[in-house]
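The values are calculated or read from the model by the stated rules, or taken from the named source; none is laboratory data. The shown structure was predicted, so the numbers you read here are calculated from the model rather than taken from an experiment. Here the Cβ is made from the backbone with ideal geometry for all residues, glycine too, and neighbour counts use every protein chain on show. The accessibility values were calculated without ligands, DNA or RNA, using every heavy atom of the protein model including side chains. Shrake-Rupley method; radii C 1.70, N 1.55, O 1.52, S 1.80 Å.
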Amino acid sequence: MPATQQLDLARQYLKWLRDRLTTIDRGEVQVVSTPFLDPFHDGIQIFMEPHGGELLLHDNGDTLDNLICLGVKIEDSERRKALVQRATAGCAVRFQEGRLETTATVANLPQRAHFLLTAILRLNDLWMSAVPHRWVDFYELVAEFLEQREVRFTANVSIPGRTVEHAVDFVIPLPRRK
């Protein structure tokens with residue numbers, strides 16, 4: 001693909017994203033509505049509050065509330081608790097007081113918002129675990145496959161990119177000379 005087409009695609013995507021991002025001020029809290037959808041097909045919102053010279057970004061507890069409405073009870077399952085920890089690992093996001101949150105500065109605000117959205121989207125997939133039979137998530141299948149074959153790997157790694165850091169589930173080192 002010629003570089004001009006790649007540039008146009010990037011610009012089109014950024015324009016689409018900008019056209020669909022909205023912000024609302026609610027006193028000291030700013031709410032950013034995104035075009036990314038939760039399990040109910042509502043736009044995911046990020047709440048930003050000033051917090052000691054930094055910004056506290058959080059989901060206002062919406063992710064957990066949605067999962068509860070779908071029949072997923074995080075506290076009832078060690079496996080689901082582990083999935084929450086895995087989804088937030090490497091994203092600088094913590095699960096605190098029923099909500100997902102992270103702290104940002106002006107310099108890293110876009111990256112931290114991206115990480116929070118990544119964690120929310122990963123957790124939204126937990127609703128599939130509410131079915132009566134046990135679903136093994138893809139992460140567990142891959143980890144088990146690698147361990148059975150004694151493949152060395154590192155899980156939950158954050159890799160810096162040009163504009164943001166990316167949370168990666170697995171990094172597998174290549175053998176020498178390959």
Taking the Cα centre of the chain as the origin and placing charges on Cβ (Lys, Arg +1; Asp, Glu -1), which of Asn60, Ala89, Thr103 is farthest toward the positive end of the dipole? Ala89
Find the Cα radius of gyration of the range 27-74, compare it with 2.2 N^0.38 Å by division, and give the number to two decimals. 1.31
Run the accessible area of the range 45-178 with a 1.4 Å probe and give the carbon-and-sulfur part as a rounded percent. 55
Using a Förster distance of 22 Å, how high is the FRET efficiency between Leu17 and Ala82, based on the Cβ-Cβ distance and rounded to 0.05? 0.10
Nitroxide proxy distance, nm - points 7 Å out along Cα→Cβ at Phe170 and Gln96: 3.3
How much accessible area per residue does the range 32-172 have, counting only protein heavy atoms and a probe of 1.4 Å, in square angstrom? 57
What is the gain in length, in nm to one decimal, between Arg162 and Ile24 on full extension, counting 0.36 nm per residue of separation less the C-alpha to C-alpha distance? 46.8 nm
Length-normalised contact order of the range 5-122 in % [C-alpha pairs under 8 Å, at least 6 apart]: 19
At q = 0.13, 0.14, 0.20 Å⁻¹, what log₁₀ I(q)/I(0) does a Debye calculation on the Cα points of the chain give, no solvent, two decimals? -0.80, -0.90, -1.40
